[in-house]
Amino acid sequence: MVAIGLGLLAVSGLYNVAATRPHFRPVDHLIKFALRRSISLHSLGVLLPDLTDPALAQLGREHFATGCAPCHSQPGHARHPIARGMLPSPPRLEGAASRWETRELFWIVRHGLKFTGMPAWTGRDRDDEVWAVVAYLQRMPHDDDTVPAREKRTPALGFGIDEPSPLARCAACHGDGRRRPVHASVPVLHGQKEGYLARALSEYHDGRRQSGIMEPLAAVLSAEDIGRIARHFAEADRPAAVARPGDARVARGRRIFREGVPRQELPACRSCHAPETSAQFPLLDGLSGHYVEAQLGLFRSGVRSGTTHGRIMSVIAERLSPEQIADIAAFLDSGGERAPVPAEARREGE
Amino acid sequence: MARPARVLACTCSSAMLPLAGCAGIQSALVPKGGEALDIDPLFWTSAGVAMAVMAMVTILVAVALRGPVRWRQVLSREWFLTGGGIVLPIVVLTFLLVYGFLVMQAGATRMSAAGEHVVTVTGKRWWWRVVYRTPEGREVESANELRLPVGRKVMVRLLSDDVIHSFWVPQLAGKLDMIPGRINVLTLEAAEPGISRGQCAEYCGGAHALMAFHVVAMPAAEYDAWLAREAMPARVPASAEEERGAALFTANGCGACHTIAGTRAQGRLGPDLTHVGSRRSIGAATLPNDAAAFARWIAENDHIKPENLMPPYRNLAPDELRALGAFLDLLE
Amino acid sequence: MNRAGPDDLPNALPRPPGEEEKLKRVWATPRGWRILSAVNNTVVGVAYLGFAFLFFLLAGVVALVMRTQLAVPGNDVVGQDLYNQLFTMHGTTMMFLFAVPAMEALGVLLLPQMLAARDLPFPRLSAFAIWAYVIGGLVFFSTIFYGLAPKGGWFMYPPLTLTEYSPGDNADFWLLGIGFIEISAIAGAIEIVVGTLRTRPPGMSLTKMPIFAWAMLIFAAMIMFAFPAVILATMLLEIERAFGWPFFSAEKGGDPLLWQHLFWFFGHPEVYIIFLPAAGLVSMIVPAMARRPLIGYRLIVVALIGTGFFSFGLWVHHMFATGLPALSLAFFSAVSMAVAIPSGIQVFSWIATIAASEGRFRITTPSLFVLGFLAIFTLGGLTGVMVALVPVDLQVHDTYFVVAHFHYVLIGGMVFPLFATFYYWAPMVSRRRLSETLGRITFWLMFIGFNVAFLPMHLTGLRGMPRRVWTYPGDVGWDMLNMISTVGAFILAAGVLVFIVDLLRNFRPTAGGGGAGDPWGAGTLEWLPGDVYAARSIPLVRSREPLWDQPNLAREVEEGRHFLPNAPTGGRETLVCSPVEAKPEYVLQMPGPGWSHVLAAIFMAGFFLLLTVKLVVPAVLSGIACIIACIWWGWSLDPGPVKGDVPIGAGIVLPTYVSGPRSHAWWAMIVLVFVATSLYIAYVFSYLYLWVVSPDAWSPHGAPALPPATWPLASGALVAAGAAAMLLAGRRLPAPGRPSATAPLLLAFAALAMTGAVVLEVLGHWYSGLRPGQNAYAAATYMASVLNVQVGIAVVLLAGYAIARSLVGCLDAVRRVNFDNCAILYPYGAVQILLSLLLVHGFPRMAG
């Protein structure tokens, strides 16, 4: 009976779908209840990583400003009038962390919500990035009510880069050559090879390389923009290495980097990742261990094997064990090739 | 008895299969040297015995089924059982066994006579590293092709450092496994110049089916000259395209895995390419050896030879691949 | 037994009213879905055979896919990775899920009938083995659909199968699949050894036993000695894969060849394990078709034993190309040829029997398959002789010549006899015979298809085509031959298809009841009229072909005039006789249908499967559930002497309960101890072998010094004290009805002592700084403890079980089978532990 009734309602067209007319209250309650239950159930299997790093939240904040704020606004900002006309209206997210479990937040950001306008995360299989946003949501300050509403800035409705110079947006996360990137998962771009930078941006632009943060930013760039940005960073100096004391792990990483592991058919990293090789092969020196570890993980799991270059690296990355990846990361964190080699490691190499 | 038997068998098989002749560069039935020549008559003798016994059993069964009663009575006697089931096999088997031991003995003798000329072949996934020792004691590395001087006994040391492979050139000798942690030694002796094909005979995973090689037997003097050339560094590029290929080779990090003697490329993971252009095949007898095949291999090796350990370089543009192909083809 | 005329038969007529109805009731097969709980050998035997045949079909389809791929050079019907999985699955499924189970199934199905026993001595054990095999086999086979199938070949040579070169679960699924077959094979071996030796009818001395029973007895004995080698090998491989103990890694002192020795020590006898029962079947069918007793019965028995014996001395002929010393090659070459002699004896004996036929040898579908078998198997045997010649083998090893050779031996030697069996024995379990017409079509399609497929392969191999290649070039002369082989394979498959049609049209299983009767006029007891209870009464046997020599036997048996025409204890029972002379000894009470063994099988399958996919916690839960099901299962099995003695006829009164060396349980335990001994010998071989390969790894040079001698001495003293306690406990079992705490306390002490001894041994090495992943020596040293732990767990479980039985008053000086089981295993375990202490602590000191 109910089914027939609903069917008649649908056929008749009597139910008004106008965003100007809110749902009937019972319908509204029912939808919201179903929504909460669905989120709660589906997010059950989500495993929580460590979200205490403030830098991670900082990265999330940077993405939030361009990727989320257009609809949700952000602390100290007013709601965009167009966003106000949406139904359901995108909620302000101050305090969202107290309304939702952390796993639920992750699930919503990762998968989006049907019929609400909330999109899924752009970078397929890039859960690592989603957590940055969740970390930010957890720490999002409450809206500053002391600022009168009319003095608040209203965010632009365009996603991605809206500044006249995209470079400022780059610097916000990637640092400016002296300042390190906002989080270890963000690579240093200064002094990187131009060909590689241009390729990376084009791959983000075309959706061939996955990132929920970079894809929206690169999508709006023209070919000229990409060339300009790549040149800008390539011409800049590589930030000075922060040499840290090495341990056994670093020594093992150095060995892999310089000599490879013949037993595992693993070539030396530096035979391709060196200044004198193809401009398409990025320099690893100066990159954070965290970034390289995460990217090798993406190569191994096939997320980054879709491109021609990614295919090459995937074949190699599959031969690395997780421990060896950690060794390489430790080596890069210790300053990489530019760090002084301790005496005992020199002897070992001889 | 060997020769007539072989002619007979060839006739039989070609009568059965008009299209397939007896010649085959990987056929144990066309022996061209050393051990294979010794095994051949033993094989045909044992095959002849097998056929004779088979014929006898067939006739006996036929008689037992439908023969005259008198004959059948003979067949059902106890002495027939002991004679046919015990005495006959013992006589025939002893004969074959002794013959087999003699052939084994001949192999052992041949092995003790070798020693001067040593080649080390290492089974890899899924190709062959071949290292010659020059008379001066220098090691000269090559891959996926073995050159032999006709008439000389060559000691082939067989190694593996990953999984078990088996080295087999049917026209020259029986197979011998390459086992991690062990060194097996096989003596090869080519009786006449010519080209033969060998293949890995022990399942070694993945691309086992595409792990073959060629054996080129050449007159001893030619061989010596060849080895001397092989010991020299690679040719330098002459044309602009070859230059470009050489530059691409360096820029794309090919030297991480491959060696080209005389250049900075000193990688040891993949085959030595110093004289790759002079070999008969690439990809362990998977593709012919020419510039176009090189280009195909570099970009599409994962389709040509699935699971092989080289990454596919599809990032290279067609003209870049052509240049690389031209460069590699030059390395004779 | 005196000559008895028809009038002095064991039991007189008329039989009491209701006797047969009671038998029917007791032996009734559960109806509907409850049939899953059935244990009757004719029911589970048919199911067993059916599933084995299903795996034959599945592996056959896999073979057709491969043949399609190889039909033309450079084909791409299936890719490299899938092809590698396919040939691994084909070999593994055919060998482990079809051939051995099919032969065991025939043992389960035919043996009790041939021996006129009511059932096998451990009905639930065979049902358990079957369910474990069905579940495990189906899951294992289904991995091919998820790309998870193993791809290391059915022989799984390391290092290719180590995690380094085979990451992923594929290889583990192989180890899982074989684990199930190991368990069901050993369960089957116990069943068959005890069945043939103890449940023969009165008067059927060993010399009157049907050849098939002889073949199965040797088959079971071979399983007892061959399977432990592969059990150990799979344990070593899985331990190296999971924990990195280097048994096979050369750079840490292991040796890949150790696997090959262990695997082929099993693998070659395995071929004869498959062939011997088939030869036994042929020796049953030939006399029936000739209407004349087998000529050379004794010689054939000697030949079967000889084959079994020789088959353990030729495993190295699979390793001629590994570069072993010439002397050992020569030895194994000689033995490999010698094994042809017993086969020759059998072939000539069959020819002689055919020649001696009464009238002419009858050409029926079974005899066609037997003749096909003779032709194909003889050729396979002859190429086997060629391959036994070392130099010839060096050329043809691992080529299509060998593929042709062993398909001649296996299809000829096993599949053709199996089809003969299908046609010959179908009337025994089906209400309708299979069709002679369709049978002949099946035979000719199979015979022609087989030869078209496999004869050219000899040439393909000689022309240099190696095995296990998914593609080949078109210019080396293999293409036409391969195309012919592919066509032949499809003809062969068409033959099997016709058989399936025949099966669907005519096979109507009776679920334990009598079949269509004896259409052949055969002389052996399986053709006695019968029902769910098998033969109405168990006959007194005076010759090898009782139905020929005692013309009234069928009627007498059906009238219930022979032994045990009733169910005196009110439950299922059969007659147990002495092992050689077959004099009646006692009436064995047997369990009927039940669920405990089904659950045990399901949870055991669950345990292994979950472990394979690394779900450890659910796996452990499933394992515990399996143990609980086993305890539930076992609880009813020691009924005690409550039913007293019963008459079976001819004035003979037999006990219904015995313990000690006369009981069937004791025999089963002894078989298990033999299996454990072989396993341990295989381990000692591996230990010494690894030492020969890399003595440098041994303590004290390559590893920390051994713990001080006090450790092993303490450990040895503990286990010796435990053994003494066990002995004492056996003497102090209370009299019935007078419970006492002495025996359970002693039992508990013994169990604890063995646990302590095992733990001490492990701790000693751990504190000396030795770690199992260090090198081959360390791995071999800890492996001794793994085997000891295994026995220790079994002892603790059995002791705990006996204690529990004692606490509820089910264990006393008479009702003591549960205790005896533990009392047999304990001294074995103690000796094994003492030997391993001697080896592990003594050998390095001596050799170092």
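The values are calculated or read from the model by the stated rules, or taken from the named source; none is laboratory data. Everything quoted here is computed from the prediction, not taken from an experiment. Here the Cβ is made from the backbone with ideal geometry for all residues, glycine too, and neighbour counts use every protein chain on show.
In table form, for the structure just shown:
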{"item": "Residues located in region C:178-196, provided they are hydroxyl-bearing (Ser, Thr, Tyr) and touching an Asp or Glu at 6+ places or on another chain (Cβ under 9 Å)", "result": "C:184"}
{"item": "Only one of C:713, C:718, C:733 that is under 40 Å from the mean Cα position of the chain (by Cα) and closer than 17 Å to residue C:827 by Cα", "result": "C:718"}
{"item": "Test result for residue B:39, in a helix (DSSP H, G or I), in contact (Cβ under 8 Å) with a residue 60 or more places away in the chain and under 38 Å from the mean Cα position of the chain (by Cα)", "result": "yes"}
{"item": "Residue that is nearest to the chain's Cα centre (by Cα), among those in region B:61-114 that are modelled with pLDDT of 90 or more and of a type in the set (Ser, Thr, Tyr)", "result": "B:99"}
{"item": "Count of region C:441-470 residues which are part of a helix (DSSP H, G or I) and within 13 Å of chain B (Cβ to nearest Cβ)", "result": "10"}
{"item": "Scan of region C:155-169 for residues that are within 14 Å of chain B (Cβ to nearest Cβ) and surrounded by fewer than 21 Cβ atoms within 10 Å (Cβ to Cβ), ordered by number", "result": "C:155, C:163, C:164, C:165, C:167, C:168"}
{"item": "Among residues of region B:155-183, those that are in a strand (DSSP E or B) and over 25 Å from residue B:283 (Cβ atoms), counted", "result": "1"}
{"item": "From C:142, C:184, residue being among the hydroxyl-bearing types (Ser, Thr, Tyr), touching a residue at least 40 places away in the same chain (Cβ under 8 Å) and more than 14 Å from every other protein chain (Cβ to nearest Cβ)", "result": "C:184"}
{"item": "Pairs, first without any contact (Cβ under 8 Å) to a residue 60 or more places away in the chain and more than 9 Å from chain B (Cβ to nearest Cβ) in region C:394-406, second hydrophobic (A, V, I, L, M, F, W, C) and in a helix (DSSP H, G or I), C-beta under 6 Å, six or more apart", "result": "C:404/C:454; C:404/C:457; C:405/C:387"}
{"item": "Of all residues making up region A:275-290, the number that are without any contact (Cβ under 8 Å) to a residue 24 or more places away in the chain and surrounded by 17 or more Cβ atoms within 10 Å (Cβ to Cβ)", "result": "1"}
{"item": "Scan of region C:58-79 for residues that are in contact with a helix residue (DSSP H, G or I) (Cβ under 7 Å, 6 or more places away or on another chain) and either basic (Lys, Arg) or farther than 16 Å from residue C:485 by Cα (or both), ordered by number", "result": "C:58, C:59, C:67, C:77, C:78"}
{"item": "Residue C:492 being away from chain B (no Cβ under 14 Å) and buried (at least 22 other Cβ atoms within 10 Å of the Cβ)", "result": "yes"}
{"item": "Lone qualifier among C:302, C:286 - being within 13 Å of another protein chain (Cβ to nearest Cβ), surrounded by fewer than 21 Cβ atoms within 10 Å (Cβ to Cβ) and assigned to a helix (DSSP H, G or I)", "result": "C:302"}
{"item": "Qualifying positions in region A:238-269 - touching a strand residue (DSSP E or B) at 6+ places or on another chain (Cβ under 9 Å) and either assigned to a helix (DSSP H, G or I) or more than 14 Å from chain B (Cβ to nearest Cβ) (or both)", "result": "A:255, A:256"}
{"item": "Options A:262, A:282: the member that is under 26 Å from residue A:179 (Cα atoms) and out of contact with any Gly (no Cβ under 7 Å at 6 or more places or on another chain)", "result": "A:282"}
{"item": "Neighbours by Cβ (under 7 Å, 6+ apart or cross-chain): first from region C:305-325, more than 10 Å from chain B (Cβ to nearest Cβ) and polar (S, T, N, Q); second surrounded by 18 or more Cβ atoms within 10 Å (Cβ to Cβ) and assigned to a loop (DSSP other than H, G, I, E, B)", "result": "C:307/C:339; C:311/C:339"}
{"item": "Any hit, region C:471-482, residues being buried (at least 24 other Cβ atoms within 10 Å of the Cβ), within 12 Å of another protein chain (Cβ to nearest Cβ) and touching a residue at least 60 places away in the same chain (Cβ under 8 Å)", "result": "yes"}
{"item": "Verdict on residue B:169 being over 22 Å from residue C:394 (Cα atoms) and modelled with pLDDT of 95 or more", "result": "no"}
{"item": "Matching residues in region B:214-255 - criterion: being closer than 22 Å to residue B:280 by Cβ and among the acidic types (Asp, Glu)", "result": "B:222, B:224, B:230, B:242"}
{"item": "One residue from B:83, B:67, B:33 being more than 7 Å from every other protein chain (Cβ to nearest Cβ) and closer than 26 Å to residue C:476 by Cβ", "result": "B:33"}
{"item": "Residues satisfying the stated conditions in region C:790-839, i.e. crowded, with 22+ Cβ neighbours inside 10 Å, among the β-branched types (Val, Ile, Thr) and closer than 15 Å to residue C:637 by Cα", "result": "C:817"}
{"item": "Members of region A:276-331 found to be away from chain B (no Cβ under 11 Å), among the basic types (Lys, Arg) and in a helix (DSSP H, G or I), listed by number", "result": "A:300"}
{"item": "Region C:339-374, residues that are of a type in the set (Gly, Ala, Ser) and more than 7 Å from chain B (Cβ to nearest Cβ)", "result": "C:343, C:357, C:359, C:367, C:372"}
{"item": "Region C:612-627 residues that are in contact (Cβ under 8 Å) with a residue 40 or more places away in the chain, paired with ones that are of a type outside the set (Phe, Trp, Tyr) and surrounded by 14 or more Cβ atoms within 10 Å (Cβ to Cβ) (beta carbon under 6 Å, 6 or more apart)", "result": "C:612/C:172; C:612/C:176"}
{"item": "Extreme residue, nearest to the other protein chains (Cβ to nearest Cβ), among residues of region C:64-79 that are in a helix (DSSP H, G or I) and either among the hydrophobic types (A, V, I, L, M, F, W, C) or surrounded by fewer than 16 Cβ atoms within 10 Å (Cβ to Cβ) (or both)", "result": "C:70"}
{"item": "Yes/no for residue C:117 being surrounded by 21 or more Cβ atoms within 10 Å (Cβ to Cβ) and not in a helix (DSSP H, G or I)", "result": "yes"}
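For every residue, the table says whether it meets (1) buried (at least 24 other Cβ atoms within 10 Å of the Cβ); (2) facing another protein chain (nearest Cβ under 9 Å).
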{"site": "B:190", "(1), (2)": "yes, no"}
{"site": "B:196", "(1), (2)": "yes, no"}
{"site": "B:200", "(1), (2)": "yes, yes"}
{"site": "B:229", "(1), (2)": "no, no"}
{"site": "B:232", "(1), (2)": "no, no"}
{"site": "B:237", "(1), (2)": "no, no"}
{"site": "B:240", "(1), (2)": "no, no"}
{"site": "B:251", "(1), (2)": "no, yes"}
{"site": "B:271", "(1), (2)": "yes, no"}
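Conditions tested, residue by residue: (1) among the acidic types (Asp, Glu); (2) closer than 29 Å to residue B:163 by Cβ; (3) modelled with pLDDT under 95; (4) touching a Lys or Arg at 6+ places or on another chain (Cβ under 9 Å).
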| site | (1), (2), (3), (4) |
| --- | --- |
| A:273 | no, no, yes, no |
| A:276 | yes, no, yes, no |
| A:302 | no, yes, yes, no |
| A:331 | no, no, yes, yes |
